[in-house]
Amino acid sequence: MKRLPIHHLPHPPPKFAVPAAVRPPTSIGSASLSGRPIFPACPQSRSLYFHALRIRYSTKFIKNSSSYQHQMATATPGESATPSSPAVVKLKPIEATPESFQEFGQVVEASPDGDEFGPRDAQLDLSHGIPRFYIMHLEDRPLKFSTITHHASVTQCLGSIGGHVWYLGVAKPSILDPIEIKGTVGADVVQSHCGHFYLPPAIDDVCVFRISGPKFLKLNRGTWHAGPLFLEKRMDFYNLELSNTNVVDHTTHNFVKKNKVVCSIDE
């Protein structure tokens with residue numbers, strides 16, 4: 001049987017409903033005047049042509065669907081879950097008195113002029129360097145903390161100028177004597193970058209003191225402390241330590257990184 005060329009067929013090729021967005025370009029000749037697309041003459045080419053149109057049309061339909069757009073907006077490759085926020089531990093402040101603070105240091109109050117040195121005076125250890133006594137200006141220290149610090153080589157004195165109310169978070173000293181280490185570092189024993197060994201403070205051992213009136217605190221060597229903290233916008237404190245304490249003797253424990261908690265003063 002003799003095959004006739006496409007232009008000798010008794011009937012023209014069937015018309016297909018092609019979406020306007022994916023219609024092929026029309027010719028510049030007379031066909032363009034009628035707006036009819038010019039299809040490939042070869043049947044195989046025409047078949048491939050319409051197959052490509054179906055793919056383009058179906059892909060466009062999928063990409064315009066709301067479910068597809070929602071998946072693309074929510075399913076980001078490599079997206080990890082947001083880590084949970086640290087737990088908040090609320091601590092009720094204790095009024096600082098010589099009796100309530102004795103595990104951590106001393107509360108030194110006013111004494112009559114002429115009194116001789118005695119156990120109620122600050123028992124200082126400034127033997128490892130040059131003493132530094134200065135006024136420390138602080139701003140924006142709200143009643144919460146996530147780190148706590150100790151100094152292994154000096155006692156420290158802190159007091160508010162003017163006797164305003166302030167707060168200090170504390171934990172008992174946990175510095176270990178080298179003899180106690182015996183050359184083996186246990187799982188809970190940490191060596192500070194300052195050289196000494198210590199046990200990290202447990203969150204259950206942390207407490208907060210409220211200091212008011214004409215008094216100051218003397219912290220024992222190694223006492224963990226966070227603050228001073230206060231409700232005022234700014235406050236000034238006198239501070240007695242060594243000239244290089246904040247450079248070579250400043251060990252800090254981070255409760256957020258190590259314990260996943262932050263402390264808040266319930267006042």
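When PRO200 is tested against (1) modelled with pLDDT of 95 or more; (2) within 22 Å of GLU109 (Cα to Cα), exactly one condition is not met: (2).
If you check ASP121 against the conditions, is it out of contact with any Phe, Trp or Tyr (no Cβ under 6 Å at 6 or more places or on another chain) and free of Cβ contacts under 8 Å to residues at least 24 places away in the same chain? Spelling it out, ASP121 is indeed out of contact with any Phe, Trp or Tyr (no Cβ under 6 Å at 6 or more places or on another chain) and free of Cβ contacts under 8 Å to residues at least 24 places away in the same chain. All of LEU231, LEU240, LEU176 fail the test of being over 23 Å from GLU103 (Cα atoms) and either touching a Leu at 6+ places or on another chain (Cβ under 7 Å) or of a type in the set (A, V, I, L, M) (or both), apart from LEU231. Among residues of region 165-183 being part of a loop (DSSP other than H, G, I, E, B) and at pLDDT below 95, the one that is surrounded by the fewest Cβ atoms within 10 Å (Cβ to Cβ) is GLY183. If the condition is being assigned to a strand (DSSP E or B), surrounded by 17 or more Cβ atoms within 10 Å (Cβ to Cβ) and within 29 Å of the chain's Cα centre (by Cα), then region 211-236 contributes TRP224, HIS225, ALA226, GLY227, PRO228, LEU229, MET235. Would you mind stating whether GLU99 is charged (D, E, K, R) and modelled with pLDDT under 95? Considered against the rule, which asks whether it is charged (D, E, K, R) and modelled with pLDDT under 95, GLU99 comes out as no.
The values are calculated or read from the model by the stated rules, or taken from the named source; none is laboratory data. All of these numbers come straight from a predicted model, not from anything done at the bench. No Cβ is skipped: glycine too gets one built from the backbone with ideal geometry, and neighbour counts run over all protein chains shown.
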